[in-house]
1. For the chain, what is the charge dipole size about the Cα centre, in debye to the nearest 20, if Lys and Arg each add +1 at the Cβ and Asp and Glu each add -1 at the Cβ?
2. By a straight-distance test (C-alpha under 17 Å), which aspartates and glutamates pair with LYS2 as possible cross-link partners, with residues fewer than eight away in the same chain excluded?
3. Given all pairs of different Cα atoms, what value in angstroms does the Kirkwood hydrodynamic radius of the range 2-215 take?
4. Starting from the Cα of SER180, move 7 Å in the Cα-to-Cβ direction to define the label point; list residues of the range 33-61 whose amide nitrogen is under 11 Å from there.
5. Anyone know which of SER150, SER172, SER186 comes out most mobile in the 10 Å Cα GNM of the chain?
Amino acid sequence: MKIAIVVAMQKELDLLLPHISEIVKSEKGRFIVYHGQMAGCEIIAMQSGIGKVNSALALQCMLNDFAPDLVINTGVAGGTGRAGILDVVVGSRVAYHDVWCGPETVPGQASGCPQFFEPPCGLLDIPALDPAGGVIHGLIASGDIFVASSEETERIRGLYPDVAAVDMESASMAQTCWLSGVPFVSVRVVSDTPGAADNLSQYENFWTDAPMRTFSVLMPLVEQISQQWKK
């Protein structure tokens with residue numbers, strides 16, 4: 001099985017690459033692709049850059065050149081109250097929090113697309129993503145802003161009362177995969193709590209205090225996907 005793993009930042013990529021063996025590195029335009037093996041699967045890994053446009057362009061490049069069976073977007077996210085620092089959130093639904101395309105659409109809905117993007121049937125039932133193991137299933141909301149204030153968090157909660165985490169790439173990747181007919185799931189680790197007095201220090205300290213938690217579910221997830229879930 002061929003799985004694409006896309007992260008936004010170099011810090012995230014640095015945590016991911018040690019888990020991939022037999023890496024072959026190649027350049028695809030402005031992007032660098034790492035092709036190797038993990039837990040019995042063929043892995044294509046890439047750093048997309050931060051934000052919706054960067055992530056969509058990088059992912060489309062990967063889809064065109066490698067035709068993966070599944071895309072996993074992983075990395076960090078901000079918590080919104082349902083999830084605390086170091087909690088793992090899997091996007092049972094993914095949506096935009098900064099999109100409105102006018103009449104005949106609702107806030108958060110890209111034109112011609114569903115309001116919510118969902119993982120493929122059965123994927124959330126994999127043991128590595130079991131809520132009993134501490135993984136939170138919930139809505140991940142994306143937008144082109146680093147959410148750092150309680151006001152921004154409340155605005156997003158106004159759109160989605162059940163939002164579990166916020167980031168800057170999941171929805172654009174989910175839309176790209178939806179348009180291309182490729183299964184997608186976002187698995188994020190909460191690095192900070194937007195609106196907290198020490199929000200930015202939480203985010204900075206996360207990378208030195210507990211970096212391995214970021215990808216603690218990734219190895220068993222990939223292994224179990226290869227064994228239990230088929231496209």
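Quick note: the coordinates plus some simple rules give every number you see, no bench work behind them. What you are looking at is a predicted structure, and each value in this text was computed from that prediction instead of being measured. We place every Cβ from the backbone using ideal geometry, glycine too, and count neighbours over all the protein chains shown.
1. Values: 14 positive and 25 negative charges, 92 e Å.
Using Cβ point charges on Lys, Arg, Asp and Glu, the chain gives about 440 debye.
2. GLU22, GLU42, ASP65, ASP69, GLU223
3. Values: mean 1/r = 0.0579 Å⁻¹.
Hydrodynamic radius (Kirkwood, Cα pairs) of the range 2-215 is 17.3 Å.
4. 56-61
5. Of SER150, SER172, SER186, the Gaussian network model singles out SER150 as fluctuating most.
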